[in-house]
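The values are calculated or read from the model by the stated rules, or taken from the named source; none is laboratory data. Computed from a prediction, not measured in an experiment: that's the story for all the values here. Please note: Cβ atoms are built from the backbone with ideal geometry, for glycine as well, and neighbour counts cover all protein chains shown.
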Amino acid sequence: MKLTDLPDSRGHFGPYGGIFVAETLMAALEELRVEYEKARNDPAFLAEFEYELKHYVGRPSPVYHAKRLSEAYGGAQIYLKREDLNHTGAHKINNTIGQALLARRMGKKRVIAETGAGQHGVASATVAARYGMECVVYMGAEDVARQSPNVFRMKLLGATVVPVSSGSKTLKDALNEAMRDWVTNVESTFYILGTAAGPHPYPMLVRDFQCVIGRECIVQMPELTGRQPDCVVACVGGGSNAIGIFHPYIPYEDVRLIGVEAGGSGIASGKHAAPLSAGTPGVLHGFRSYLMQDDNGQIIETHSVSAGLDYPGVGPEHSWLKDAGRAEYVAIDDDEAMAAFHDLCRYEGIIPALESSHAVAHAKKLAPTLGKDKIILVNLSGRGDKDINTVAKVAGITL
Amino acid sequence: MSRIGETFTALKAQNKKALITFITAGDPGKGLTVPMMHVLVEAGADIIELGVPFSDPMADGPVIQRASERALANKVGLKDVLAMTAEFRKSNTTTPVVLMGYANPVEHMGYETFAKAAKAAGVDGVLTVDIPPEESAGVSDVFKAHGIDPVFLLSPTTPEARVEQVAAAAGGFIYYVSLKGVTGSANLDTEEVARKLEMVRRHCSLPVGVGFGIRDAATAEAVARIADAVVVGSRIVNEIETAPEGECSNRVRHLVAELRRGVDAASK
C-alpha cells in the first residue's frame with residue numbers, strides 16, 4: 001500500500017482516523033462522504049474551485065527566497081511559501097472555499113465553524129459572505145479575548161461569534177460546541193471544519209483542498225532553484241497547512257518533511273501542545289490520533305502562545321506519517337517562536353503569524369546544521385497582524 | 001441471559017415497562033454516587049445508567065457537561081466508576097448497571113482490560129456514545145465475550161438500512177435517541193417516535209429504550225406507551241445540580257417516583 005493511497009474507504013490511516021461520533025451524525029457524515037466523492041470527480045466542481053482560488057484568493061501564492069534571513073541563520077537557504085499573502089491572510093481560505101462550494105452543492109444555507117486563532121473563523125465568515133450563507137462561529141472564550149481583531153473581522157463579515165466558556169475555553173471546546181450545533185441542526189447546516197482532523201471524510205477533504213500549497217511548490221521550487229528542496233518545514237496544530245504542503249511531497253523520498261508542534265513552556269514542563277512529540281494515541285473529536293491525555297484518558301489542557309496551535313490532538317494523517325517514518329515531528333517552545341517572529345520582521349519585512357513562527361524557528365535550528373547549498377522550504381502559513389497584541393503583551397508593551 | 005435481559009423479561013411478564021435512570025458518577029460527590037444508586041432503585045428505577053466523566057463530552061448538552069466537570073473536579077475516573085459499581089453490587093445483585101461514556105477513557109485502559117474489570121465489578125452493559133458499529137469491531141465482540149452487553153444508539157437520522165447493522169452489533173437493549181440534538185434537548189413528538197419505533201422493531205428483536213426530552217410523569221407515560229423502556233438523564237442530573245445542600249437524595253427520590261408512576265400508568 002502506498003502512503004498516498006490513504007485513507008481507506010472508512011477514513012483510516014493505518015490505526016488512525018475513522019469515524020468516532022454519536023449515531024446522530026452518522027447519516028450526515030455519510031451524506032458528506034458521498035457528495036464529496038462526486039464533487040472530487042466532477043470537472044465543473046474542480047474548475048470552479050480553481051477559479052475561486054485564482055481570482056478570489058490570489059493563487060498561486062509566491063515562493064520567496066529569504067536571503068537576509070538565510071544569511072543571518074548561517075546555513076541552508078530558506079525559502080518561504082507565502083500563504084500569508086492569500087486573501088484573509090492565511091492558508092485557511094483554501095479549505096473554506098472548497099467546503100463552501102460543497103455546502104452550496106448540498107443545498108445547505110447555514111454554515112458553522114470552530115476557530116482557535118480566528119483565522120479559520122475569518123476564512124469561514126468570508127466565504128459565507130461570498131456565497132450568501134448564514135454563518136455561526138464557535139470560539140473559546142479565552143481565544144475571543146486574545147484574538148479580538150479577528151473577532152471583529154468576523155462580525156464585520158456578517159458572522160455571529162459565539163464565545164464558548166466550557167472546559168479550557170479554547171479550540172477544543174469550540175470544536176465540541178460546533179459538533180453539538182451540528183448534531184442539533186444537522187439537516188440545514190454544513191459544518192466547515194477548519195483543520196485536517198475530525199471524523200472521516202474531513203481529514204481527507206481538508207487535505208485535498210489544502211494540497212494546492214504543495215502542488216504549487218513542486219512547480220515553483222524547480223523554477224526558482226532548479227530542484228526540489230531538501231527539507232519542507234511546517235507548523236502543526238491540527239495540521240492542515242502541514243498536510244497541504246507535505247502530502248504532494250510524500251512520493252519525493254529525498255525531501256525531508258518536518259512538522260513543528262507547539263512546545264509551549266517546553267516539553268519537560270508539561271505545558272505544551274505537542275501530542276506527536278509527547279502524547280499517546282487515543283480518540284477525540286471523532287477520530288483516533290496522538291493526543292495529550294492523562295492516566296485516566298481525560299484530555300489535558302494545552303499551552304501555547306499561539307492560539308492556532310493550542311489543540312490537544314492532531315490530524316490522523318500526521319500520526320500515520322510519524323509512525324510510518326515518512327515525516328518527523330519536533331517541538332518549538334514559545335520563546336523560540338517569538339524570537340523567530342522578530343527575526344522575520346526585521347530581516348525580511350514580513351510579520352508572520354505566531355503559528356508559522358514555530359516553523360521559522362525550527363528552520364533557524366536546522367539551517368546551521370546544513371550546508372549553504374541546501375534548501376529549506378518553510379510554509380509561512382499566515383500573517384501576523386492578528387498577533388500583534390499578543391506579541392506586545394509578551395514584550396510588556398501596552399498598545 | 002444477562003441481568004439486562006432478565007430485567008426486561010421479568011417486566012414483560014408483569015406487563016410493565018422499564019424505567020432507566022442516568023446519573024454521572026462522582027456528581028455531586030465521590031462518596032454520594034453509590035447511595036444515590038440505591039435511591040434510584042428504591043424510588044422505582046429498573047436499570048441504572050452510570051455516566052463515566054469525560055473532559056470533552058461532545059454529544060452532551062450543558063446539564064450533563066456540567067455534571068461531568070463536577071465529577072472530574074472530584075477526580076473521578078473510569079477506575080473509580082468501576083469501584084463504585086462493585087460497591088453497589090455488595091448490596092444489590094439484581095439491578096442492571098450500564099456504563100455510559102466516551103471512547104477515550106476505555107480505549108486508554110484497553111478494551112480487554114476494561115471488559116474484564118467491568119465484568120468483575122458487576123457491570124452489565126456499556127454504551128460508548130462515540131463508537132458507532134462501524135468502529136466497534138474488536139470492541140463489542142470483546143464486551144460480548146466477557147458477558148457485557150454493548151448498548152448502541154439509534155437516532156431519527158439513522159436510515160433504515162443501518163438499523164439492521166446497529167442491531168447486529170448490539171446487546172441488552174437499543175437506545176433510541178428521540179430527538180436530534182444533544183442530551184437535555186427540548187420537546188418530544190411521540191407520534192413521530194412511534195412511527196420510527198415501528199420501523200426499528202422490524203429489524204431488531206432487542207428491547208428498545210427511548211430517551212431525550214422526558215421530564216415528568218406525563219412525558220414518561222407517553223413514551224412508555226410506545227417503547228420498552230423510558231430513559232431519563234438530564235432531568236435527574238438537573239435535580240442533583242439544583243437541590244439545596246442535603247436535599248439531593250430526597251429530590252431525586254421524589255422525581256424518580258413520579259417518573260415511575262408515569263411509566264406504570266401506561267400499562268394500566
Does the stretch B:205-217 contain any residue that is more than 25 Å from B:Glu6 (Cβ to Cβ) and crowded, with 22+ Cβ neighbours inside 10 Å? yes
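One line per residue, one yes/no per condition, for (1) of a type outside the set (A, V, I, L, M, F, W, C); (2) within 14 Å of another protein chain (Cβ to nearest Cβ); (3) more than 24 Å from B:Ala121 (Cα to Cα):
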position	(1), (2), (3)
B:Val142	no, no, no
B:Pro156	yes, yes, yes
B:Ala167	no, yes, yes
B:Ala222	no, no, yes
B:Ala229	no, no, yes
Filter the stretch A:110-146 for residues that are modelled with pLDDT under 95 and assigned to a loop (DSSP other than H, G, I, E, B); the one that is farthest from A:Asn389 (Cα to Cα) is A:Gly116
Looking at (1) free of Cβ contacts under 8 Å to residues at least 60 places away in the same chain; (2) farther than 18 Å from A:Ile376 by Cα; (3) not hydrophobic (A, V, I, L, M, F, W, C), find the lone condition where A:Lys67 falls short. (2)
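In the stretch A:268-307, what count of residues is obtained for those that are of a type outside the set (Val, Ile, Thr) and away from chain B (no Cβ under 12 Å)? Please lay out each step first, then the result.
As a first pass, look at the stretch A:268-307 and keep what is of a type outside the set (Val, Ile, Thr): A:268-279, A:281-282, A:284-298, A:301, A:303-304, A:306-307.
If we keep only those that are away from chain B (no Cβ under 12 Å) as well, we get A:268-278, A:290, A:303-304, A:306-307.
The number of residues fulfilling the criteria is 16.
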Of all residues making up the stretch B:155-174, the number that are basic (Lys, Arg) and surrounded by 22 or more Cβ atoms within 10 Å (Cβ to Cβ): 0
Could you check the stretch B:79-108 and list, in sequence order, the residues that are over 18 Å from B:Met36 (Cα atoms), touching a strand residue (DSSP E or B) at 6+ places or on another chain (Cβ under 8 Å) and buried (at least 24 other Cβ atoms within 10 Å of the Cβ)? B:Gly101, B:Tyr102, B:Asn104, B:Val106
In this structure, does A:Phe287 turn out to be over 16 Å from the mean Cα position of the chain (by Cα) and within 22 Å of A:Pro201 (Cα to Cα)? yes
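Scan the stretch B:55-66 and tell me whether some residue there is more than 10 Å from every other protein chain (Cβ to nearest Cβ), in a helix (DSSP H, G or I), in contact (Cβ under 8 Å) with a residue 60 or more places away in the chain and surrounded by 19 or more Cβ atoms within 10 Å (Cβ to Cβ).
Residues of the stretch B:55-66 more than 10 Å from every other protein chain (Cβ to nearest Cβ): B:63-64.
With the extra rule that they be in a helix (DSSP H, G or I), the set shrinks to B:63-64.
Filter once more, so that each one left must be in contact (Cβ under 8 Å) with a residue 60 or more places away in the chain: B:63-64.
With surrounded by 19 or more Cβ atoms within 10 Å (Cβ to Cβ) added as a condition, the list becomes B:63-64.
Scanning the stretch B:55-66 turns up at least one residue that is more than 10 Å from every other protein chain (Cβ to nearest Cβ), in a helix (DSSP H, G or I), in contact (Cβ under 8 Å) with a residue 60 or more places away in the chain and surrounded by 19 or more Cβ atoms within 10 Å (Cβ to Cβ).
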Out of (1) surrounded by 21 or more Cβ atoms within 10 Å (Cβ to Cβ); (2) within 17 Å of the chain's Cα centre (by Cα); (3) more than 17 Å from A:Leu25 (Cα to Cα), the odd one out for B:Phe152 is which? (3)
Is the stretch A:141-156 home to any residue that is crowded, with 24+ Cβ neighbours inside 10 Å, within 13 Å of chain B (Cβ to nearest Cβ) and either charged (D, E, K, R) or touching a residue at least 40 places away in the same chain (Cβ under 8 Å) (or both)? no
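Which one of B:Gly125, B:Gly138 is of a type in the set (Gly, Ala, Ser), touching an Asp or Glu at 6+ places or on another chain (Cβ under 7 Å) and either in contact (Cβ under 8 Å) with a residue 60 or more places away in the chain or more than 10 Å from every other protein chain (Cβ to nearest Cβ) (or both)?
Working: B:Gly138 fails: touching an Asp or Glu at 6+ places or on another chain (Cβ under 7 Å).
The unique qualifying residue is B:Gly125.
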